Amino acid sequence: MRLDLILIGFGNVARRFVRLLDERAERLRLEHDLTWRVVGIATARHGQARSPEGLDVAHALELVEGGHSLDGSLGSPPSNPTVFIRETAAEAMQHDPGRTLVVVETTVLDIERGQPAIDHVRAALESGAHVITANKGPLAFAARELMDLAARRRRAFLFEGAVMDGVPVFNLIRQTLPALSVTGFRGVVNATTNHILTAMEAGRECGEALAQMQGAGVAEADASLDIDGWDAAAKTAALINVLMHGEVTPHRIDRIGIGGVTGEVVRDAAARGRRVKLVASAGIRNGQAFGRVAPEELLADDLLATLDGQQNALVLQTDLLGELAIVQRGSGLTQTAYALLSDLVAVRHGC
């Protein structure tokens, strides 16, 4: 089965995703009867391109990474991506009505309203395409609306890469734990701040550690999203909305970032056998889900205290199985790209 992809966003994650698809092409074909081609790419800075017969992805990668435009219009504003989605989908379906379209949404998180990613997902579903995304915004601001729309349109809306990269969090509950309720959670879900706090324990400066994560393409382009706890708050809202059927936004999460945490504070805690971590947590109070993100001083034997560098973990509290812990010992572009790949395979198999 061939899947036709429309890429909305062609930054570090999307480019690693298409390279990973190419690296795993033979295995995907043999094990999942899955082949793919890219029929559209829309970027914020490098123009747009589409072809119902498929684009030359290697050439697109070369153009973008060389600072060139996909369409010769570098520097001029591209058309609205939602219009691009609708037009590309319509053109592709007119060319071949039997094709299966998948929109891959990897634009930058907007912490104010989750836009324009929400509009991208909505336009894709309304155009008859499945959607996979690594963007937290749609889940943090409009999870219920978009999941309901996907159900009505009988299309997939998958988002494993939104929290903890390729480690199965959402898929774990949806596919393997039927009739179970998540009543709360606590975790370290932001790799950048965990790397910074670990580096500060070793005597390094916050700015140096942050620059390293930005250079690796892991940190948010806007450093305040990580440092001020907004990324973790968006992930907390996404987890609450999907796993606990809540309706919150990042602005309803009690939030304290690590900006006020000094190296002296972190090293003093370590000298006393404790570790400072940015902890995301959620629970239910008076029948309503609530969430919190804040630095906490943890005992050394706490699972979250054992995490170093870019490691993440999430401890789910459930009504039937008690606590379930998911630990990610590595985080980076490949892991996030793999989340998109795994969601693509899920689309192939009908989710």
- Which residue, chosen from Ala209, Leu197, Ala233, occupies the Cα position most advanced towards the positive end of the dipole of segment 125-235, where the dipole is computed from +1 (Lys, Arg) and -1 (Asp, Glu) charges on Cβ about the Cα centre? Ala233
- Task: Could you calculate, for segment 1-153, the ratio of the Cα radius of gyration to the Kirkwood radius, expressed as Rg to Rh?
- Result: 0.95
- Relative contact order as a percentage, the chain, C-alpha pairs under 8 Å and 6+ apart, gives 19
- Note on the structure: For the chain, whose charge dipole is built from +1 on Lys and Arg Cβ atoms and -1 on Asp and Glu Cβ atoms, the candidate among Pro97, Phe17, Leu341 with its Cα farthest towards the positive end is Pro97
- Only Lys, Arg (+1) and Asp, Glu (-1) charged, at Cβ; the chain dipole about Cα centre in debye: 700
- Length-normalised contact order for segment 182-329 - Cα pairs under 8 Å, 6+ apart - percent: 34
- How large is the dipole of segment 98-215 about the Cα centre if only Lys and Arg carry +1 and Asp and Glu carry -1, each at its Cβ, rounded to the nearest 20 debye? 640
- So how strong a dipole does segment 182-329 carry about its Cα centre when Lys and Arg Cβ are +1 and Asp and Glu Cβ are -1, to the nearest 20 debye? 260
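Here, each number is a calculation from the coordinates, and none is a lab measurement. Because the structure is predicted, anything quoted here is derived from the model rather than measured. Please note: Cβ atoms are built from the backbone with ideal geometry, for glycine as well, and neighbour counts cover all protein chains shown.
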